[in-house]
Each structure stands twice: as structure tokens, then as C-alpha cells.
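Working notes, beginning with the structure itself.
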Amino acid sequence: MLKKDLEMLVALQDLDLMIEEADDVEKLGFNITGCSELKNARDELAGRLSKSLLFRYERLRSKLKRAIVPVKNDICLGCFLRQPTSIGTKGREDDEIFTCENCGRMLYWID
Ligand SMILES: [Zn+2]
């Protein structure tokens, strides 16, 4: 997988989390300006991702708040399980997206 796809997925998730928060605040009766712009940006970004990747992301997001999480010092920051070093080496270099064997989230390495 291209690193660009990974960046887009992370950005998509950031937008989704912001939209969720805005929706929660709106439910309390507050008016959020810019929420529709957020949703437009989200749709535009989702349209640039491959269908299979988007599907994988959406499926995880239906179960988990975060579908894609960073790995720092070989620890998955979704479930705090240590990842095998061999995966870490591949995950930093390969084009493929790796998933945490414990929690199933997609991983990206930040260290
Ligand atoms: Zn995990």
C-alpha cells in the first residue's frame, strides 16, 4: 500500500472523529457551524480511497472507535499489545497495511 493511502486513512478517521463529536454537541442543542463542510471534506477524501480499503476501514469503524492506530515502541496504541519486531520492520517499509493480531485495528508506525 502506498504511504499516501495511509495518510488519507488517518485523515479520514480524524474527520470522522470530529464529525462524531460535532454531532454529539449538536444533540445537546448547540449549533455547530462548519459541520456540513466537515462532512463534505470527509466524502471527498473517502472518494479518493480505493473501495476495498474504504470497506475495510468502514467495517472496523462500525465496531471500534478507531480503525487505524499508531504503533509506538512496537506497542499497538489501540490495545497496548506489543507487536512482533518482524512486523515492525515490514510495517515501516512495506506497502501493505498490517493489522494488530489482538485487536484487528490497522496499524501505522510513528517511531
Ligand atoms: Zn491492537
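Within the stretch 56-70, identify whether any single residue is over 13 Å from the mean Cα position of the chain (by Cα) and either surrounded by 12 or more Cβ atoms within 10 Å (Cβ to Cβ) or more than 15 Å from the ligand (Cβ to nearest atom) (or both), and answer yes or no. Quick ask: steps written out before the conclusion?
Residues of the stretch 56-70 over 13 Å from the mean Cα position of the chain (by Cα): none.
Within the stretch 56-70, not a single residue is over 13 Å from the mean Cα position of the chain (by Cα) and either surrounded by 12 or more Cβ atoms within 10 Å (Cβ to Cβ) or more than 15 Å from the ligand (Cβ to nearest atom) (or both).
Is one or more of the residues making up the stretch 17-40 among the aliphatic types (A, V, I, L, M) and within 11 Å of the chain's Cα centre (by Cα)? Can you show your working first?
Of the stretch 17-40, the ones among the aliphatic types (A, V, I, L, M) are 17-19, 22, 25, 28, 32, 38.
With within 11 Å of the chain's Cα centre (by Cα) added as a condition, the list becomes 17.
Yes, some residue in the stretch 17-40 is among the aliphatic types (A, V, I, L, M) and within 11 Å of the chain's Cα centre (by Cα).
Would you check if Arg105 is touching a strand residue (DSSP E or B) at 6+ places or on another chain (Cβ under 7 Å), of a type in the set (Lys, Arg) and under 16 Å from Arg61 (Cα atoms)?
Numbers: touching a strand residue (DSSP E or B) at 6+ places or on another chain (Cβ under 7 Å): yes; of a type in the set (Lys, Arg): yes; under 16 Å from Arg61 (Cα atoms): yes.
So Arg105 fits the description; yes.
Filter the stretch 84-111 down to the residues that are of a type in the set (A, V, I, L, M) and within 13 Å of the ligand (Cβ to nearest atom), then identify the one that is farthest from Leu6 (Cα to Cα). Before you say what the answer is, go through the steps one by one.
Just the residues of the stretch 84-111 that are of a type in the set (A, V, I, L, M), to begin with: 87, 97, 106-107, 110.
Filter once more, so that each one left must be within 13 Å of the ligand (Cβ to nearest atom): 87, 106-107.
Numbers: Ile87: 17, Met106: 10, Leu107: 9 Å.
The qualifying residue farthest from Leu6 (Cα to Cα) is Ile87.
How many of the residues making up the stretch 43-71 are basic (Lys, Arg), out of contact with any strand residue (DSSP E or B) (no Cβ under 8 Å at 6 or more places or on another chain) and closer than 18 Å to Leu6 by Cβ?
In the first step, residues of the stretch 43-71 are kept if they are basic (Lys, Arg); the result is 48, 51, 56, 59, 61, 63, 65-66.
The next check asks that each one be out of contact with any strand residue (DSSP E or B) (no Cβ under 8 Å at 6 or more places or on another chain); those that pass are 48, 51, 59, 61, 63, 65-66.
Subset that is closer than 18 Å to Leu6 by Cβ: 48, 51, 59, 61, 66.
Summing the residues that are basic (Lys, Arg), out of contact with any strand residue (DSSP E or B) (no Cβ under 8 Å at 6 or more places or on another chain) and closer than 18 Å to Leu6 by Cβ in the stretch 43-71 gives 5.
The numbers here are math on the coordinates, done by the rules we state, and not lab data. Model, not experiment: these values are computed from the prediction. Backbone-built Cβ (ideal geometry, glycine too); neighbour counts: all protein chains shown.
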